[in-house]
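Q: Mind having a look at this structure? Questions to follow.
The values are calculated or read from the model by the stated rules, or taken from the named source; none is laboratory data. Since we're looking at a predicted model, the values are computed, not measured. When we count neighbours, we look across all protein chains shown, and the Cβ atoms used for this are built from the backbone with ideal geometry, even at glycine. Keep in mind that these areas ignore ligands, DNA and RNA; they rest on the heavy atoms of the full protein, side chains included. Shrake-Rupley method; radii C 1.70, N 1.55, O 1.52, S 1.80 Å.
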Amino acid sequence: MIRLFAALAVPPELAEPLARRQHGLPGARWRPLEALHVTLRFFGDVREDVAKDLDEELQGVAGDPLEL
């Protein structure tokens with residue numbers, strides 16, 4: 001099983017200020033700059049064959065650009 005989600009990467013110019021704010025909450029699991037993202041959909045634990053099919057389907061998703 002693989003734990004999967006669909007997400008948008010946070011651009012570096014937004015991620016750097018966010019990463020600097022990662023402090024002051026004891027026990028929090030802060031993420032490195034390159035791991036910051038906006039989760040669009042959490043799929044949970046899926047079988048590898050289903051993950052492959054999901055990847056193929058998501059490759060076809062298209063839309064207009066958006067600004068963060």
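Q: Give all pairs with beta carbons closer than 8 Å in which a residue from region 13-25 that is without any contact (Cβ under 8 Å) to a residue 60 or more places away in the chain meets a residue that is open to solvent by less than 100 Å² (accessible area, probe 1.4 Å) and part of a helix (DSSP H, G or I); count only pairs at least 6 apart in sequence or on separate chains.
A: What qualifies is A15/L33; E16/L33; A19/L33.
Q: Further question: Restricting attention to region 31-54, which residues are charged (D, E, K, R) and within 15 Å of the chain's Cα centre (by Cα)?
A: Selection gives R31, E34, R41.
Q: Does L40 fit the bill of being without any contact (Cβ under 8 Å) to a residue 40 or more places away in the chain and in contact with a strand residue (DSSP E or B) (Cβ under 6 Å, 6 or more places away or on another chain)?
A: For L40, the condition - without any contact (Cβ under 8 Å) to a residue 40 or more places away in the chain and in contact with a strand residue (DSSP E or B) (Cβ under 6 Å, 6 or more places away or on another chain) - is met.
Q: Can we say G63 is part of a strand (DSSP E or B), within 22 Å of V10 (Cα to Cα) and open to solvent by less than 100 Å² (accessible area, probe 1.4 Å)?
A: no
Q: Another question about this same structure. Please determine whether any residue of region 3-12 is in contact (Cβ under 8 Å) with a residue 24 or more places away in the chain and in a helix (DSSP H, G or I).
A: For region 3-12, residues in contact (Cβ under 8 Å) with a residue 24 or more places away in the chain and in a helix (DSSP H, G or I): absent.
Q: A further question on this structure: Restricting to region 21-37, what's the tally of residues that are surrounded by 10 or more Cβ atoms within 10 Å (Cβ to Cβ) and not acidic (D, E)?
A: Residues that pass the stated criteria total 7.
Q: Next up: Which of (1) open to solvent by 100 Å² or more (accessible area, probe 1.4 Å); (2) part of a helix (DSSP H, G or I); (3) aliphatic (A, V, I, L, M) does L18 not meet, given it meets every other one?
A: The failed condition is (1).
Q: Return the only residue of L25, L8 being among the aliphatic types (A, V, I, L, M) and within 17 Å of the chain's Cα centre (by Cα).
A: L8
Q: Provide a single number: the residues in region 38-51 that are open to solvent by 100 Å² or more (accessible area, probe 1.4 Å) and either of a type in the set (S, T, N, Q) or outside any helix (DSSP H, G or I) (or both).
A: 4
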